Amino acid sequence: MRIGFVCILASAVLAGCGGEGGGGRPGDDGGAGAGTQSDPGPTLNEHSNILLVISDDLGLDASSGYQVGADLPTTPTLDGLAADGLIFDNVWASPLCSPTRATILTGRYGIRTGVLAPDNPISLMETSLQSFIDTNVPNTYTHAVIGKWHLFGPDNGGIDNPNLMGIDHFAGFRGGGVNDYFDWTLIENGRTSPRDTYTTTAFVDLAMDWIAAQEEPWFAWLAFNAPHTPFHLPPLELHDRDSLSPDQQAIDRDPLSYYLAAIEAMDRELGRLLDSFSADTRANTVIIYMGDNGTPRRVYQGPLRTRGKGSVYQGGVAVPMIISGRGVSRTGEREDALVSSVDLFATIANLAGAGTTEFNDSLSFADLLSNTGPGPRSYAYTEVVIEDSNRDEWAIRNDRYKLMRQLPRPEELYDLQADPMEQDNLLRDGSNVDAILAELRGQLAMIRE
């Protein structure tokens, strides 16, 4: 029997064939094996649904499962997924959103796709994950992307780009964010309409409606724009920070509290989505939750705010990931294997039954969901190039050491085991690191050749 999965990045949600409602609370055990002689329990299908959920601008310091920040949001839905699933401790993404999304979509680094900075468009010549699944698991999955896309361009089909990339259904917005969470324009399969529903709520509504209409296994990519700027006060029923004022001056004085409130709202709406699933749907779903890059510098709780979102320091590229649900037997555990956002392509394709463990730069880590041992990746790589700002940065790491450079500044080398906050540059203190440098530079050259 082949097993398919539902993925949730900074985002996390699961689902089975069909969208009938009535499921249990997030974190309830809906897996196979439940039931008695009188109640046989959920029915497992050959192919599960796949749901990828991504949060926007949510780093480790704002994630309760990592205990990096001093002020953490209340996230019972994500905490429940973590308790019933596997937390990954060494996941890298791009330091900015468009490049991360392109790596997931194509299984290729930005140096190959040209998506190296926000607003870089994705080429229609690229093979999307959805098209790859259609080719290798034919006549099986329908698919949708709901929420933030951020890969549009005037020369790649404009607002039709997701559909031209092989995605059956797109419902979201165009750019990197919205000016107002309560006043925005929805693009749905090339048609636009004004919306005044809170975006986090609207995306869950759209996901629930689309899922309910499906009769075959599906792959849904749910990309929240929360907690991306603008910092704002979410609807009061969606968070626990009751003392917050809607006044803009109050938001400007204490943006962190509003940022955390937006995370709580996202978590609560994610819980509403999970609650809508039947027992069969829950049993047929695997959840992957992931952030797309680090926390914005203005609200970053790391030691130096310049090392948050947009930088290749850990605060910009280390992101949360939780996988929970069908096929995840390592529940309540942590995994320290190296994982890159680019690996989601091969992993999701593998879980969908495509029969691949490697594609372009992408390596499947699906085996880690049920087995301990080394992961498939010995090195992780990330980059950002913004020509208008003359920025060219990259980083590469193995299981211990990280080499990085922000041109025109010199290289920096850190021992992430002894110095996870990157305070002691080994290239400045006279350490004997020639062998480490040779190893990491050699791998870097192979990736960038």
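Of all residues in the range 324-353, exactly one satisfies the criterion of being in contact with a helix residue (DSSP H, G or I) (Cβ under 6 Å, 6 or more places away or on another chain), in a strand (DSSP E or B) and closer than 25 Å to residue 277 by Cα, namely 324. Between 306, 356, 295, the distinction of being part of a helix (DSSP H, G or I) and over 14 Å from residue 87 (Cβ atoms) belongs to 306 only. Looking only at residues that are surrounded by fewer than 17 Cβ atoms within 10 Å (Cβ to Cβ) and either assigned to a loop (DSSP other than H, G, I, E, B) or at pLDDT 95 or above (or both) in the range 386-404, which one is farthest from the chain's Cα centre (by Cα)? Of everything passing the filter in the range 386-404, 390 is farthest from the chain's Cα centre (by Cα). Among strands (runs of 3 or more DSSP E) entirely within the range 103-216, having at least 2 residues that are surrounded by fewer than 19 Cβ atoms within 10 Å (Cβ to Cβ) singles out 184-188, 191-195. Hey, does the range 218-229 have a residue that's surrounded by fewer than 22 Cβ atoms within 10 Å (Cβ to Cβ), assigned to a loop (DSSP other than H, G, I, E, B) and touching a residue at least 60 places away in the same chain (Cβ under 8 Å)? Scanning the range 218-229, I find at least one residue that is surrounded by fewer than 22 Cβ atoms within 10 Å (Cβ to Cβ), assigned to a loop (DSSP other than H, G, I, E, B) and touching a residue at least 60 places away in the same chain (Cβ under 8 Å), so the answer is yes. Scanning the range 230-242 for residues that are modelled with pLDDT of 95 or more and either assigned to a helix (DSSP H, G or I) or not basic (Lys, Arg) (or both) turns up 230, 231, 232, 233, 234, 235, 236, 237, 238, 239, 240.
Suppose the filter is touching a residue at least 60 places away in the same chain (Cβ under 8 Å), of a type in the set (Val, Ile, Thr), in the same structural domain as residue 156 (by TED's automatic domain parsing) and in a loop (DSSP other than H, G, I, E, B); does residue 68 pass it? Taking the combined requirement at face value, the residue satisfies it. Selection over the range 297-334 of residues that are among the hydroxyl-bearing types (Ser, Thr, Tyr) and either without any contact (Cβ under 8 Å) to a residue 12 or more places away in the chain or not assigned by TED's automatic domain parsing to the domain that holds residue 71 (or both) gives a count of 1. Inside the range 81-102, residues that are surrounded by 24 or more Cβ atoms within 10 Å (Cβ to Cβ) and assigned to a loop (DSSP other than H, G, I, E, B) make up a count of 4.
Go through 328, 317 for me and flag whichever is under 16 Å from the mean Cα position of the chain (by Cα), crowded, with 22+ Cβ neighbours inside 10 Å, farther than 14 Å from residue 53 by Cβ and not charged (D, E, K, R).
317
Of the residues making up the range 436-444, not a single one is more than 22 Å from the chain's Cα centre (by Cα), surrounded by fewer than 17 Cβ atoms within 10 Å (Cβ to Cβ) and closer than 30 Å to residue 331 by Cα.
The values are calculated or read from the model by the stated rules, or taken from the named source; none is laboratory data. Since the model is a prediction, treat every value here as computed from it, not as a measurement. We place every Cβ from the backbone using ideal geometry, glycine too, and count neighbours over all the protein chains shown.
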